[in-house]
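Below: one structure, written as structure tokens.
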Amino acid sequence: MSHPVEVLVLADTHVRADRRRDLPAEVWDAADRAHLILHAGDVVTGSLLDDLAARAPLRAVLGNNDAGLEHRLPVEDRVDLDGCTIALVHDAGPARGRGPRMRRRFPDADVVVFGHSHLPLDQPGDDGQRLFNPGSSTERRRAPFRSYGLLTVEEGTLVDHRIVPVPGP
């Protein structure tokens, strides 16, 4: 019998080396509780990767604003959690046709985590695949709020998936 795996999901954090803007305290707290952290790109600085990886195992992919991190980050990744496959990519393309497109690109993935738009999204894709964008915990842009994501996997099954709003503007 396996224990639930708690996954913190981030994207589009855009934390620069000067750290004038950093992750909100509640995101750091969630990182401390997580068994795994996924970052769907636009990390911007390697020091944030290092700080996250110091708190929990980290998997991250390259975003369009991640200049200089090409040697550290793949364009896409896959993580297997006891049989639940999570694909990770920065840009899942336009909303129109996203479900079939992600199913073709990641045919064996149970969940596709992506970012780029800063818009939180948690919805079914094609053939039972879940599409999950945690939004951005630092830059709201056109989103209704800043946010991050939490996934729980137990015995190879996604048992919980949540977009968590970050308080404040």
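The values are calculated or read from the model by the stated rules, or taken from the named source; none is laboratory data. The structure presented is a predicted model; accordingly, all values stated were derived computationally and were not measured. Every residue, glycine as well, gets a Cβ built from its backbone with ideal geometry; the counts of neighbours run over all protein chains shown.
A few points about this structure:
- Search result, residues across segment 68-86 that are under 17 Å from Thr157 (Cα atoms) and part of a strand (DSSP E or B): Arg78, Val79, Asp80, Leu81, Cys84, Thr85, Ile86
- From the options Leu158, Leu88, Leu151, residue that is at negative phi, touching a Cys at 6+ places or on another chain (Cβ under 7 Å) and either modelled with pLDDT under 95 or of a type in the set (A, V, I, L, M) (or both): Leu158
- Residue selected from segment 1-49 under the condition modelled with pLDDT of 95 or more and of a type in the set (D, E, K, R), by the criterion nearest to Leu150 (Cα to Cα): Glu6
- So Val113, is it in contact with a helix residue (DSSP H, G or I) (Cβ under 8 Å, 6 or more places away or on another chain) and in contact (Cβ under 8 Å) with a residue 60 or more places away in the chain: no
- Within segment 87-146, if we keep just the residues that are assigned to a strand (DSSP E or B) and among the aliphatic types (A, V, I, L, M), the residue that is farthest from Ala60 (Cα to Cα) turns out to be Leu121.
- Restricting segment 1-32 to residues that are touching a Leu at 6+ places or on another chain (Cβ under 8 Å) and part of a helix (DSSP H, G or I), the residue that is surrounded by the fewest Cβ atoms within 10 Å (Cβ to Cβ): Ala31
- Restricting Val112, Val79, Val75 to those that are among the aliphatic types (A, V, I, L, M) and either closer than 24 Å to Arg142 by Cα or surrounded by 21 or more Cβ atoms within 10 Å (Cβ to Cβ) (or both) reduces the list to Val112.
- Candidates Arg140, Arg104, filtered to the one that is more than 21 Å from Asp160 (Cβ to Cβ) and either of a type in the set (S, T, N, Q) or modelled with pLDDT under 95 (or both): Arg140
- Selection count where residues are more than 15 Å from the chain's Cα centre (by Cα) and either under 20 Å from Val5 (Cα atoms) or assigned to a helix (DSSP H, G or I) (or both), scope segment 42-67: 6
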